[in-house]
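Beneath this line is the structure, given in structure tokens, with notes to follow.
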Amino acid sequence: MIMSPLTRTDERQLEQAERQSQLIVPPLNFAMIAPGIYRSGFPNPKSQPFLLQLGLRTILYVYDGDCQPYHQEFIQSNRINYKHFRVAANKEPFEEMDHSLVAQILAEVLDTRNHPLLIHCNRGIRRVGCLVGCIRKLQGWAMTAIFDEYQRFSGTKIRISDQEFIEVFRHPVSIDPQFQPAWLSDQQT
């Protein structure tokens with residue numbers, strides 16, 4: 001069989017197909033919280049190449065459901081430390097995230113021995129949004145800026161109970177000063 005030379009259109013289509021096959025897709029609601037700390041929704045298999053580029057040391061899953069087998073396999077095969085915290089969502093009128101559990105999670109997030117670290121829940125909105133809001137409080141952010149960031153990630157799924165949780169969270173967070181991020185001062189923990 002004799003192959004005819006590629007036309008310019010053929011070459012462009014091949015280049016486009018190659019680029020698409022190499023697309024790196026971040027997980028839903030992915031963002032950097034601070035150097036070495038990232039947030040997202042539950043990563044799907046398409047986001048695994050992206051996660052590998054981050055060189056993650058630790059993944060924290062904050063959700064009351066089980067982890068997907070493909071995600072567990074990815075974590076194990078890449079020797080990433082994994083911790084699953086079963087965190088209930090804030091729901092009116094009587095359900096609230098456990099303050100001591102949130103403080104425990106924050107201690108893990110703020111320990112530089114765990115960095116680079118990804119913290120994720122199912123969609124990267126509520127539970128992670130509350131945790132990020134608590135980190136922002138520790139960083140000294142104004143509540144209006146914290147709520148603005150929460151709302152950017154939650155879109156139309158804003159829960160006043162989440163914002164109330166962030167506002168009233170005052171539980172002490174135990175961090176070894178030797179391993180806390182440089183951007184976090186001793187007075188804020």
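The values are calculated or read from the model by the stated rules, or taken from the named source; none is laboratory data. None of the values given here were measured: they were computed from a predicted structure. Every residue, glycine among them, receives a Cβ derived from its backbone with ideal geometry; neighbour counts consider all protein chains shown. With ligands, DNA and RNA removed, areas are computed over all heavy atoms of the protein, side chains included. Shrake-Rupley method; radii C 1.70, N 1.55, O 1.52, S 1.80 Å.
Suppose we filter the stretch 37-81 for residues that are part of a strand (DSSP E or B) and either among the hydrophobic types (A, V, I, L, M, F, W, C) or surrounded by fewer than 16 Cβ atoms within 10 Å (Cβ to Cβ) (or both); how many remain? So the count comes out to 5. If you check ILE119 against the conditions, is it open to solvent by 10 Å² or more (accessible area, probe 1.4 Å) and either modelled with pLDDT of 95 or more or more than 10 Å from VAL62 (Cα to Cα) (or both)? Criteria not met by ILE119. Taking the listed residues ALA107, ALA88, ALA103, the one that is under 18 Å from LEU60 (Cα atoms), of a type in the set (A, V, I, L, M, F, W, C) and assigned to a loop (DSSP other than H, G, I, E, B) is ALA88, with no other qualifying. Within the stretch 62-87, residues that are farther than 19 Å from LEU117 by Cβ reach partners that are open to solvent by less than 60 Å² (accessible area, probe 1.4 Å) and part of a loop (DSSP other than H, G, I, E, B) with beta carbons closer than 6 Å, at six or more positions or on different chains, in the pairs ASP64/ALA88.
When the stretch 134-164 is limited to residues that are touching a helix residue (DSSP H, G or I) at 6+ places or on another chain (Cβ under 8 Å) and within 15 Å of ASP98 (Cα to Cα), the one that is most open to solvent (accessible area, probe 1.4 Å) turns out to be GLN163. Note on the stretch 165-181: among residues that are free of Cβ contacts under 8 Å to residues at least 12 places away in the same chain and more than 18 Å from GLY133 (Cβ to Cβ), the one that is most open to solvent (accessible area, probe 1.4 Å) is GLN178. Among the numbered conditions (1) at pLDDT below 95; (2) under 30 Å from ILE24 (Cα atoms), the only one that ALA89 does not meet is (2).
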